[in-house]
Amino acid sequence: MVLNKIKTMGELVMFRHTIFALPFALVAMLAAARGIPPADKFFWIMVAMIGARNGANALNRIVDREIDAKNPRTAGRHIPRKEVKTWEAALLTAVCFALLAVAAYMLDPLCLKLLPVALFIFFIYNYSKRFTWLSHMILGAALGGAPVGAWIAIRGVIELPVLVMAAAVTLWVAGFDIIYATQDIEFDRKEGLHSVPARFGLDAALRIAAAFHLISVAMMFSLVYFMDMGIIYVIGMVITGGLFLYEHRIISPDNLEKVKIASYNVNELVGVVFLIFGSLDVLYRFVF
């Protein structure tokens, strides 16, 4: 019973999608520490990531429960089909954000001071598609905060290199979220919801997503300069560029059959590649 509920809650918040932000937080942590950080820092950064990611997703499921129930694509989610009660999701949200707050307190005073900013971004994103097509960028900013938080946890300051990484993450996430939103163009227009595809149309939306990803990978490459990354990292970014190219080749305005592969599966690989090659690069140069 308990294990089933835990499994259900994990499905509710799509726990596996932690792979989108976590790699960038971990690489930022290693780069800031110039190697392996103290064990307590690593532990609390992981707690913060788990709390932030799952709290934000649980909140999203609560805020969007009525919209999800109307949309045939999302009507099968846990709250609309009453597999998870709203109060249960609210309790999960509170627990996760409490974990985030404790972690921020344990990590660095600046982390704690910036906690309200992070929470504000989480909250505003969940309502943003009701009033602006920039909701994709707000989601990107929410995930882009992950490496910034990890960097502050180690160094206690915000510095340009991690802001470049955060911008790369923001555009990367916004790009694949735009692709994902192409599934709901007609529904969004009917319900008065805002998104880049609903506002600008399918052709323009895919071009915007491609432009975001082009700028994003360029920013990732620029970390060779800003974070003094080496050849191992460069190899990883070449692979990442190939993944972006593949992502945009398997979809078109005339064929969205592989939109879920393009928006989620490929980008999960982007996160894995960034984690492996970014981590190995830092560890090779500063530890091994």
Taking segment 164-192 as the region of interest, how many residues are more than 15 Å from the chain's Cα centre (by Cα) and surrounded by fewer than 20 Cβ atoms within 10 Å (Cβ to Cβ)? 9
Report yes if some residue within segment 254-262 is of a type outside the set (Gly, Ala, Ser), on the phi > 0 side of the Ramachandran plot, out of contact with any Phe, Trp or Tyr (no Cβ under 7 Å at 6 or more places or on another chain) and surrounded by fewer than 22 Cβ atoms within 10 Å (Cβ to Cβ); otherwise report no. no
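Quick check on my filter: what residues within segment 63-93 are of a type in the set (A, V, I, L, M) and without any contact (Cβ under 8 Å) to a residue 24 or more places away in the chain?
Taking segment 63-93 as the starting set, the residues that turn out to be of a type in the set (A, V, I, L, M) are 63, 67, 69, 75, 79, 84, 89-92.
Passing the criteria: 69, 75, 91.
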Any residue at all in segment 104-111 that is among the acidic types (Asp, Glu) and farther than 29 Å from residue 192 by Cβ? yes
Looking only at segment 261-270, which residues are at pLDDT 90 or above and either outside any helix (DSSP H, G or I) or not aliphatic (A, V, I, L, M) (or both)? 265, 267, 268
Looking at this structure, is residue 84 hydrophobic (A, V, I, L, M, F, W, C), modelled with pLDDT under 95 and in contact with a His (Cβ under 9 Å, 6 or more places away or on another chain)? yes
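Conditions (1) in a helix (DSSP H, G or I); (2) touching a residue at least 40 places away in the same chain (Cβ under 8 Å); (3) not charged (D, E, K, R), marked per residue:
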site	(1), (2), (3)
185	yes, no, yes
190	yes, no, no
194	no, yes, yes
203	yes, yes, no
208	yes, no, yes
213	yes, yes, yes
220	yes, yes, yes
233	yes, yes, yes
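Going through 193, 223, 202, 243 one at a time, which residue ends up being within 17 Å of residue 167 (Cα to Cα) and modelled with pLDDT of 95 or more?
Working: 193 fails: within 17 Å of residue 167 (Cα to Cα); 202 fails: within 17 Å of residue 167 (Cα to Cα); 243 fails: within 17 Å of residue 167 (Cα to Cα).
Going through 193, 223, 202, 243 in turn, just one is within 17 Å of residue 167 (Cα to Cα) and modelled with pLDDT of 95 or more: 223.
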Could you please find all residues in segment 99-129 being more than 20 Å from the chain's Cα centre (by Cα) and surrounded by fewer than 21 Cβ atoms within 10 Å (Cβ to Cβ)? 102, 105, 106, 108, 109, 110, 112, 113
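The values are calculated or read from the model by the stated rules, or taken from the named source; none is laboratory data. What you see is a predicted model, and the numbers here were worked out from it, not measured in a lab. So basically every Cβ, Gly included, is an ideal-geometry build from the backbone, and we count neighbours across all protein chains shown.
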